[in-house]
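What follows is a single structure, written as structure tokens, with notes after it.
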Amino acid sequence: MKEHLNTSGKILIIEEKPCKLLTSLTPSTYSLTNAQKSEDVFSILGSKKIELVIIDASENQAKYFQLLTEIRDSFDSQQLPVLVILSLDNKLSVKTALEAGANDYLCASQINDHIEQRIYWLIKQSEKHFAQTSKLKKKASLQSDFKQIESALLQTSFYDLSIFGNPLNQTLKLTLSIILSAPLLPEDPAGAIFLADPEENELHLACQLGLPDDLTKKCAIVKKGECLCGMVLKDKMLSHYEYDNVQHTIKSEESNPHGHYIIPIISDKNSILGVLNIYLDHNKKKPKELGLFLSDVALILAMIISRKNYESRLLASQNRFRSISNSSNDGIIATDQLGRITFANPATNRIFNYNENELVGKMVTTIIPERFQQAHRDGMQRAVVLGKTSLIGKTIELFGLRKDGDEIPVEISIAMWHAEDKVAFSAFIRDVSELKKLNSELLNAKIEVEEFNEKLAQANNTLIEERNIIENIVLKIQHSPLFDQTNLRIIERPLEKNSGDLICAAKRNDGARRVLLGDFAGHGLTAAIACPLISEIFYANGLNVPFEKMFADLNTRLLKALNEDMFMACSCIELNSDKNLVTLFNAGMVDIFILRQGNIIHQEPSGFVPRGLIDVPDKEKITFPVQKGDRIILCTDGFEEAVNPSGKMFGEIRFKRILEDTIKKNRPLEYIFDQINNYRQGGKQEDDMTLVEFTC
């Protein structure tokens, strides 16, 4: 009993007598088509999907072997399986059948027993082959599509760069639209291209297609490590996400769930130029071919960006050269190796009296006097042969020839380079006619200046001698024989020999002690010149009148004696004869400090107008009870206003802390100055500095 295999197929039977083979097959299992004529065979093969051809060559072998050869030669039947029925199983017939294109053969005597097994095997092989062929065709088609897109990117970007010179962002938008036409992308593709800043710290959105408006704004700048694109900037690695990732921190309310292919755009120097972000369908399996394609695209984008950046730098360089050459007062020319002028800037035309572009195309000897022309030709010829010249980098003095025939002295600096395997030269030319004239005048002026400087030095020496005399007189006047230093400790750091700070101290006949510390506006001799006047008021008249009257007299006398821009800030104290009460006057100075056992018990701020500044009545005097051993500190503002290299002042808080530490530990007053000097870290002293400690 014949066994039926579980298969099906569309079979074309070619035989001399119709229906001879049909009786051996099961029609319900197969879709059978019969043909006897060649034209019918090719008509059927061209209009139907045939999975197997059976040729009965048992009665007319030559005819059907020829037909098989023609079937195999047809464009659409190369892989179609063919089973040939032979009359006898002899080697010659089998060889001829296989050479004609048969896949298998069967003797007529074996039809009933083996035909269905042979049909089953051939159809299964055909199905397998067609499946593989279809897969390969699909893959080949996909690769072809990708290659076409890559080719379009290269052609379009090169054309865009070379012909139109569009801005980089516009070029990238054009390339992005081409990229998004690739297969395997969503029906509504979307993506973006970012450019990295030179430090590779952030990405700037260069262009996008298909992104929501709010996301375009949010993604205008992406920091390194921020969201998915920022991570790719940081790691420089291609990333694929099948769905919204937890690192996807920048999101749009208008976007549906989606995946990403994010590819770094890296230059040939391994610096990251930007990032390409392509949107994918949500939860879609990673398309390997798409990833490889986008990696190739990133290389093309790197080339485009690098070339566009180079083009921008080149254009900027050309513009700079054009701007410099057009605005230069020096002539700039370029020549080929034959000596033909290829470029001349406006200054060259001006120097040699030629119109614009009139020199271009002429020989450079046009602007060289005849007696120097042969030497110039010989020098150029040697440079061309040797590829160098000893004049490079040197400035030489020559003569140039103007259009009207006049010769002018010029300075020339020559440069040489190779362009397209040929030597080219350039020269910077300066007309030194006026310079020669000026040098002569300058020499005469130099002689006059030297004579004047000698006289000036003599006068300056005289002034220095006179200043020293005045300074010594001022110093003697300042140090009055009535100065009483009892219970005083003083530290002075003047900027010049004569300080603008003044100390007066004396004891009245009634036993009261009076101390004044003054700080004139400015420093040096100009400020110190008024000190004798203060000494006279303090010692000659002031000790005989009440303290507040002396304080008022100072203001009146200074208003009359000093210029409008000069005045004196001062701190004044008077300890009564019982040594239990001190009177305090602070006119524009830093606070007066009273310390007991090293602790500040009173601060007296400025409450009076500096002397010699304005004529206004003083307020009531201020008194404060003291004990024996209390210390009173008067100082100028140079201490608190000392600054460190960053410009920050020493300030009152630091000064108070160091002052208390100095008094409490009975340190020398120089300790205060040393601390301030350390704070300045080598910075310069900007003002006179004076501090007076009075012990009650």
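The values are calculated or read from the model by the stated rules, or taken from the named source; none is laboratory data. Predicted model, so just to flag it, every value in this text is computed and none were measured. All Cβ positions, glycine included, derive from the backbone under ideal geometry; neighbour counts span all protein chains shown.
At-a-glance table
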quantity	calculated
Qualifying position, being within 30 Å of Pro167 (Cα to Cα) and in contact with a strand residue (DSSP E or B) (Cβ under 8 Å, 6 or more places away or on another chain), among Asn345, Asn319, Asn326, Asn357	Asn345
Tally of residues being within 60 Å of the chain's Cα centre (by Cα) and either within 19 Å of Arg514 (Cα to Cα) or at pLDDT below 85 (or both) across the range 539-567	5
Residue match in the range 57-80 (condition: buried (at least 18 other Cβ atoms within 10 Å of the Cβ) and in contact (Cβ under 8 Å) with a residue 60 or more places away in the chain)	no
Residues of the range 423-445 satisfying the condition of being of a type in the set (S, T, N, Q) and under 29 Å from Gly339 (Cβ atoms)	Ser426, Ser433
Thr636, sole failed condition from (1) out of contact with any Ser or Thr (no Cβ under 6 Å at 6 or more places or on another chain); (2) surrounded by 14 or more Cβ atoms within 10 Å (Cβ to Cβ); (3) under 20 Å from Ser571 (Cβ atoms)	(1)
Tabulated pairs, the range 482-495, first farther than 17 Å from Glu670 by Cβ, second exposed (fewer than 15 other Cβ atoms within 10 Å of the Cβ) and among the charged types (D, E, K, R), C-beta under 9 angstrom, 6+ apart or interchain	Leu495/Glu686
Cβ-Cβ under 7 Å pairs, at least 6 apart or on other chains, the range 364-384 side without any contact (Cβ under 8 Å) to a residue 40 or more places away in the chain, far side among the acidic types (Asp, Glu)	Pro369/Glu407
When residues of the range 422-456 are limited to those that are out of contact with any Gly (no Cβ under 9 Å at 6 or more places or on another chain) and among the basic types (Lys, Arg), the one nearest to Leu398 (Cα to Cα)	Lys436
Within the range 1-31, tally of residues that are surrounded by 12 or more Cβ atoms within 10 Å (Cβ to Cβ) and either within 24 Å of Val94 (Cα to Cα) or modelled with pLDDT of 80 or more (or both)	12
So Glu150, is it modelled with pLDDT of 70 or more, crowded, with 17+ Cβ neighbours inside 10 Å, more than 24 Å from the chain's Cα centre (by Cα) and more than 20 Å from Pro264 (Cβ to Cβ)	no
Meets criteria (under 36 Å from the mean Cα position of the chain (by Cα), under 30 Å from Ala220 (Cβ atoms) and modelled with pLDDT under 75) for Phe164	yes
Hits in the range 327-343 (condition: within 25 Å of Val385 (Cα to Cα) and in a strand (DSSP E or B))	Ile332, Ile333, Ala334, Thr335, Asp336, Arg340, Ile341, Thr342, Phe343
Residues located in the range 545-570, provided they are part of a helix (DSSP H, G or I) and out of contact with any helix residue (DSSP H, G or I) (no Cβ under 9 Å at 6 or more places or on another chain)	Phe547, Glu548, Ala552, Asn555, Thr556, Leu559, Lys560
Elements of type strands (runs of 3 or more DSSP E) contained in the range 362-453, each with 2 or more residues being more than 16 Å from Gly331 (Cβ to Cβ)	407-419, 422-431
Gly225, sole failed condition from (1) under 23 Å from Pro183 (Cα atoms); (2) surrounded by fewer than 17 Cβ atoms within 10 Å (Cβ to Cβ)	(1)
Residue identified as outside the structural domain of Pro409 (by TED's automatic domain parsing) and loosely packed, with under 12 Cβ neighbours inside 10 Å among Arg307, Arg322	Arg322
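Conditions tested, residue by residue: (1) modelled with pLDDT under 85; (2) surrounded by 15 or more Cβ atoms within 10 Å (Cβ to Cβ); (3) not in a helix (DSSP H, G or I).
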{"position": "Ile470", "(1), (2), (3)": "yes, no, no"}
{"position": "Val474", "(1), (2), (3)": "yes, yes, no"}
{"position": "Glu496", "(1), (2), (3)": "yes, no, yes"}
{"position": "Ala506", "(1), (2), (3)": "no, yes, yes"}
{"position": "Asn509", "(1), (2), (3)": "no, no, yes"}
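Residue-wise test of (1) touching a His at 6+ places or on another chain (Cβ under 6 Å); (2) at negative phi; (3) polar (S, T, N, Q); (4) surrounded by 11 or more Cβ atoms within 10 Å (Cβ to Cβ).
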site: Asn329; (1), (2), (3), (4): no, yes, yes, no
site: Gln337; (1), (2), (3), (4): no, yes, yes, yes
site: Glu358; (1), (2), (3), (4): no, yes, no, yes
site: Lys362; (1), (2), (3), (4): no, yes, no, yes
site: Arg371; (1), (2), (3), (4): no, yes, no, no
site: Arg377; (1), (2), (3), (4): no, yes, no, yes
site: Thr389; (1), (2), (3), (4): no, yes, yes, yes
